Each structure stands twice: as C-alpha cells, then as structure tokens.
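Single-structure report; data block below.
None of the figures in this text is laboratory data; all of them are computed from the coordinates on show. Predicted model only: the values in this text are computed from it and were never measured. Cβ coordinates were reconstructed from backbone atoms using ideal geometry, including for glycine residues, and neighbour counts include every protein chain displayed.
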Number of protein chains: 2
Amino acid sequence: MSTRSVKASSILVVGSVALDSVETAKGRVERALGGSSVYLSLSAVNFAPVSVVGVVGEDFPGEHRRLLEKRGVDISGLKTLPGKTFHWQGSYTRDFRSAITKKTELNVFEKFRPELSDAECRADILFLANIDPELQLNVLSQMRRPRLVACDTMNFWIERKRPQLLKLLKKVDFIFVNEDEARQLTGEHSLILAGQNMLRLGPRAVLIKKGDYGASLFACGKMAGLCAYPVRDVVDTTGAGDTFGGGFMGYIANSRRPHDFEELKKAMAWGTVMSSFKVEAFSVKRLASLKRPEIMRRWKEYISLVTVRS
Amino acid sequence: MSTRSVKASSILVVGSVALDSVETAKGRVERALGGSSVYLSLSAVNFAPVSVVGVVGEDFPGEHRRLLEKRGVDISGLKTLPGKTFHWQGSYTRDFRSAITKKTELNVFEKFRPELSDAECRADILFLANIDPELQLNVLSQMRRPRLVACDTMNFWIERKRPQLLKLLKKVDFIFVNEDEARQLTGEHSLILAGQNMLRLGPRAVLIKKGDYGASLFACGKMAGLCAYPVRDVVDTTGAGDTFGGGFMGYIANSRRPHDFEELKKAMAWGTVMSSFKVEAFSVKRLASLKRPEIMRRWKEYISLVTVRS
C-alpha cells in the first residue's frame, strides 16, 4: 500500500522548521525551506494525515506555509514567535559524505517548548524528530496513547544528554540514526553489533541510514539491508534522512502489523524511494511537486532493481 | 540453480597463487594460502568445473595443493618454478575499509608467462584475475572460442598500463572492480556515472564491489544494487572480492542466459553469499570446509533478507 488511505493512522511530527542556506557541487540556495519536520511531513503526507508542531520566526515566508498546506500537511501547530526562524548554513563535500556546518542560528527554535493541543495529543503515531531529548520526553508525556512512537537524534545529544536520550529510547518503537550516531550511541564500531545493541536499549526496530549505500533494519532478532535507489544526479542531500523517516512511517501508518519484519522491510523500501526524490533537487523542490504516479513508478522500478528471483 | 551440475560450463582461472601474511583486529596468519586464483576457484568450484593456471615456488606447501584438489579444483596448470611463491604481507584497518601493504614479494610470479594447454584453451569461460593487462591479453589470444570472458584489475595497472587495459576491456563480457578502481578508470566520482561509463569501454556488464556495503551491477542499460550479507564477526577480508567473482561466474556458468539482467542480478547475489563465508575466517579456512547445505541455507536466508514483498 502506498497511497494515502482514509484508514491510515494520523502522524504527529515534532521537530525543527528551518531556513537552510546550502552549497553543494551542484549549486546553492539561500534561506530555502528546510528542517526535520518539513522533510518528514512532506514525505509522510503522501501516505497518511500529518500534523506538524513547531516554531518559526516572523521572517518565515507565507509561501512556505502555503506549500505545506497545499501538500496536505496540517500546520495549525506551527507557532510564530517574535524573532527569526532557525537558520542553518552549510555545505557538502563533493561525495556528499560529510556536511560542513558554517553557521547554526537557533533563533526562535531556542525557545521551542512544544505544547500539544487536545487534537495533537490524540495522534496515533508520534515522530520525535531530532530535538533535545528532554523536549522529546516532555512531548511524549503529553500524548494520550500513541499507537507508535519513533525518534531521531544526533551526535550533539548523544554526547550532552545521554541519560535523557537513554530514558527516551526505553519508550520508543523505532529509532532512526546514521552510521556515526549508531557507533557513538553504542561504542561499537561494527554496525551489526551497534544495531543489535541499540535494540537492547528499548526500541523494537532500529533503522541505520547510510546515505547512498542504503539502509539497514534491525528488528525481530533479524537484520535486513537495502541499497539506495540509484539517483543519477544528486543535487542536495539535506533532509534525505528525514525524508526516509517520513516514507517509512507513512507506510507503517497504513500497516496492520507495524512490528512485523516484512512490513518493516517494506517501510524501509518506501523510505528509500521517498529519499531518492529529495536528493534530486535543493530544499523541498522535488517533494513539493511530487505526484503519486511518479512515486508509484519509482517504487516499481526500485523493487524490480532489488528483487532477486530465487 | 546453485549446485554444480554436469551441464555447467567449465571455468579457467588465470591469476595469482600466493602465500599471504595478514594481520587484522581479529588476529594474524603467516604465509597462509591466498591469491586471486585460489579464492576465485575455491568459490566457483561449488558451482562448476574449475581449472587454475598459475605459478608457485618450491616452498609452496603440498597441503595447499591437496586442499585445492580435494575441493575439486583442477591444478594441473599450476606450475612450480625455482624460487619462492608470491608473498603478500599486509594488515587491515579496524573497519576493514583499507588494506595496508607492508611487503609485496613477487618472487616466481614475476616470471609468470601463462601458456595454456590444449584442454585449457578449450574452456567455456575464462576469468582473467588481477594480473598485468598484457598477460591478460596474451592469455585471451591463446583461447579458442570462450563463451564468456571476465576480468579483474587494480589501481597499479589502471595507472601504468591503461592502453593495454582499455584494449582488453573491448574484449571482455564482465569486469569486476572496487569503488576506487571504478573512479580511477573513468575519472568519474559518481559510481553511477563510473559504472555507466565503464560499459562504454566494452564490457556487457560491470560489477562494482563495495565491501560490507554490497555490490552494484550495470548492464542492459540498467543498474541494480544489493547489500552485503550481514556477517556478525568479520575476521579477514583478503580475497573477498575474488570470492565474490567466483560465486558470480560459478552461477553464470550454469545459466542459459548469461547476459540477462535478472540472471546477472542473481549471480551478484550468489557472489555476495560466497564472499560472506570468506570473511568469517583467515585465508581460505572457511571456504575449505564449506558444505553445500550451508551454502543453500545462507542463500535462502540472504534472499529472504533482501526481498521486499511488493
């Protein structure tokens, strides 16, 4: 199942909404729409109803709001505070393996203290994007009975807020990390051992994102791996991991067996397909105009590429 | 099809037979059996009849000969010359991503001028392992009408013998390279472009080996990727690429449509499975005792891990 259905669970995304100035070998953009919540929601909304809780400054362009709304994302939980929107400035090495941060201006994001509305508390699925684990715990405590909880994190929190992060991990179903974060979190160099050890920290499934090398899934005592979709012209990888997470959770929002290994593997494939669109253009440009037939076409192509007839 | 059948085409492997002194985070071995021909043949012989043409010195232990023969490899083309066997000494970084060469003693391998017997000239399939492209061309010219020709190479030849290598590539069906070699050969950083460009150099299929990230196939105007089998305890990756090539060609030796994209993808999966055994132990230890049921069990497990039910 790939298309948004009336029966799909609702997804609440809590994380950053940002303006990104990005430079890559393929060009640059200034203060373009970005942030983990934006990528997650623009990806997941192709599969399920999505609401975003976040904060922006007074400089946040109305066109960005309209874009999110046009794509079906509920942004009634996106607050405007006096001041400027979170701004990230950075560049990528030619192979897109490393991001070099030039500037991180938190601005109003520094004061982000999410307070969920009654409707938001009742969401079926909660995605805690990469924010302070204390805030993630606080948001989780405001929820009524989420059917599923997923989280992301980053090196900064693993180093500075490890106890809070470990407390959170006991309460989540899925965790999304990249290779370095998996190693840092567990102290294990081998990704297989790192993935297995992360399962012992609480989550029922661990997703390790490896960029153009694909992704790995650890769950149900098993491991699976999928290569990335071969994107011919990678332009900007900002938000690719969040777009992966959005596709993953979007598929899972439609699943009756969200802890089944085969379902998780399929969710990983959907995440892979969605993130392949993201990297084809700067910012949200490709996701903003994505049409269902394109998604289905790429899904079929991707599945045919990774399928080995046994 | 996975098991050696009477109808399988015969494979002739021409390359190095060596004694390797290897150190990894998991231990070390001194002058253990190695060399591209050895890994290729011990892998392919599980699928098809294999003969090796190579050279060793007077120090080459009889037990190594007996092992190859016991596994069914025809070593009547393995000559002994006065002097010592090719000896490689090196170590691997903890993540096995880089090999550090401490010593390369070519010894008798320096005088390697393969002369094929009548029977060898009539082999159905020729695998030109990593040797001087001039020798590869010379061997190829001795063959009658091989149904399929595959080759491997390395950075040294790409740099020093590019014209000869390019001449060879016009005459081969399959080429096996790692990521760096693909980039060096084409001058393209993107592996997708590098793979596509290599197809234009002559081969009908290009295999790019990425270690524990898996492998990519370029053929028939398409690209496919497979992740590696998740080996829990990697001990020594020496020869993993050759073992991959052996599994690949072994499967292809049984195929009636060796240029069909689905068949090539399946061959890539067999190569992946075979190389997963190799890395579990030093030298050829794991391959030397490998039993058919183990191979079949891992094949089934691997296919189930990479299969997404669409």
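Kindly identify the range B:82-205 as rounded, prolate or oblate by the Cα gyration tensor criterion: order the square roots of the eigenvalues as a ≥ b ≥ c, call it rounded if a/c is under 1.5, otherwise compare a/b with b/c, prolate if a/b is larger, else oblate.
On the way: a/c = 2.07, a/b = 1.06, b/c = 1.95.
It comes out oblate by the Cα gyration axes.
What is the distance in Å between the Cα centres of the range B:153-171 and the range A:251-304?
The range B:153-171 and the range A:251-304 have Cα centres spaced 40 Å from each other.
Just check the range A:11-301 against the gyration tensor rule for me: Cα atoms, a ≥ b ≥ c as the square roots of the eigenvalues, rounded for a/c under 1.5, and otherwise prolate or oblate depending on whether a/b exceeds b/c. Each step should come with its number before you reach the end.
Values: a/c = 1.25, a/b = 1.10, b/c = 1.13.
Rounded shape, in that the Cα axes give a/c under 1.5.
Given Cβ point charges of +1 (Lys, Arg) and -1 (Asp, Glu) and nothing else, what value in debye, to the nearest 20, does the dipole of the protein assembly as shown about its Cα centre take?
Values: 94 positive and 68 negative charges, 302 e Å.
Magnitude of the dipole: close to 1460 debye.
Which of A:64, B:259 has the fewest other C-beta atoms within 10 Å, and how do the rest follow up to the most?
On the way: A:64 23, B:259 15.
Going from sparsest to densest Cβ surroundings: B:259, A:64.
Ranking A:52, B:22 by Cβ neighbours within 10 Å, fewest first, what do you get?
Working: A:52 27, B:22 24.
Sorted ascending by nearby Cβ count, the order is B:22, A:52.
Could you name the lysines whose alpha carbon sits less than 30 Å from that of residue A:7, not counting residues in the same chain fewer than 8 places away?
Straight-line reach from residue A:7, under 30 Å: A:70, A:79, A:170, A:171, A:209, A:222, A:265, A:266, A:278, A:285, A:291, A:300.
Sequence gap at least 6, Cα distance under 8 Å: using those rules, report the relative contact order of chain B to the nearest whole percent. Walk me through the numbers before you get to the answer.
Values: 679 pairs, mean separation 56.3, N = 310.
Contact order relative to length: 18 percent.
Shape call for the protein assembly as shown from the C-alpha gyration tensor, a ≥ b ≥ c root eigenvalues: rounded (a/c under 1.5), prolate (a/b greater than b/c) or oblate?
Working: a/c = 2.27, a/b = 2.18, b/c = 1.04.
Because a/c hits 1.5 or more and a/b exceeds b/c, the protein assembly as shown counts as prolate.
Tell me the relative contact order for the range A:1-101 as a rounded percent, counting alpha carbon contacts under 8 Å between residues six or more apart. Please report the intermediate quantities before stating the final value.
Numbers: 203 pairs, mean separation 31.3, N = 101.
This gives 31 percent for the range A:1-101.
Suppose we keep just the DSSP beta bridges with both residues in the range B:154-235; what percent of those would be antiparallel, to 5?
Values: 10 of 15 bridges.
Looking only at bridges with both residues in the range B:154-235, the antiparallel portion is about 65 percent.
Pop the C-beta distance of residue A:7 and residue A:280 into the FRET formula with R0 = 25 Å and round what comes out to the nearest 0.05.
Working: r = 31 Å, r/R0 = 1.23.
Efficiency, from the Cβ-Cβ distance: 0.25.
Under a crude label model (7 Å from the Cα following the beta-carbon direction), how far is residue A:259 from residue B:232 in nanometres?
2.3
Counting DSSP beta bridges with both partners in the range A:11-301, what percentage is antiparallel, nearest 5? Let's see the in-between values first.
Working: 22 of 53 bridges.
Beta bridges within the range A:11-301, antiparallel portion: roughly 40 percent.
Residue B:154 label point, 7 Å along Cα→Cβ, cut-off 18 Å on backbone N: hits in the range B:216-254?
B:236-246
Once you place label points 7 Å from the Cα toward the Cβ at residue B:289 and residue B:59, how far apart are they in nm?
That separation, rounded to one decimal, is 2.7 nm.
Once you average over the residues of B:220-230, how many Cβ atoms of partner chains fall within 10 Å of each Cβ?
The per-residue average across the peptide is 6.
Quick one: 3J(HN,Hα) in Hz for the range B:266-281, Karplus 6.51/-1.76/1.60 with θ = phi - 60°, rounded, Gly and Pro as x.
Going residue by residue, I get 5, 4, 4, 5, 5, x, 4, 5, 5, 5, 5, 6, 3, 6, 6, 8 Hz, with x marking Gly and Pro.
Using only atoms on other chains, find how many Cβ atoms lie within 10 Å of each Cβ of peptide B:300-306 and report the average. List each step's numbers first, then the result.
Details: counts 1, 1, 4, 4, 6, 8, 9.
Neighbouring Cβ atoms belonging to other protein chains average 5 per residue here.
By counting other Cβ atoms within 10 Å of each Cβ, how are A:208, B:158 ranked from fewest to most?
Working: A:208 24, B:158 20.
So the ranking, lowest neighbour count to highest, is B:158, A:208.
Convert each backbone phi in the range A:114-127 into a coupling constant with the Karplus relation 6.51 cos²θ - 1.76 cosθ + 1.60 (shift: θ = phi - 60°), then list the ³J(HN,Hα) values in order as whole Hz, x for Gly and Pro.
So the J values, rounded to whole Hz, are x, 10, 7, 6, 4, 5, 5, 4, 9, 4, 6, 10, 10, 10.
Which percent, nearest 5, of DSSP beta bridges in the protein assembly as shown are antiparallel?
Values: 44 of 105 bridges.
Beta bridges within the protein assembly as shown, antiparallel portion: roughly 40 percent.
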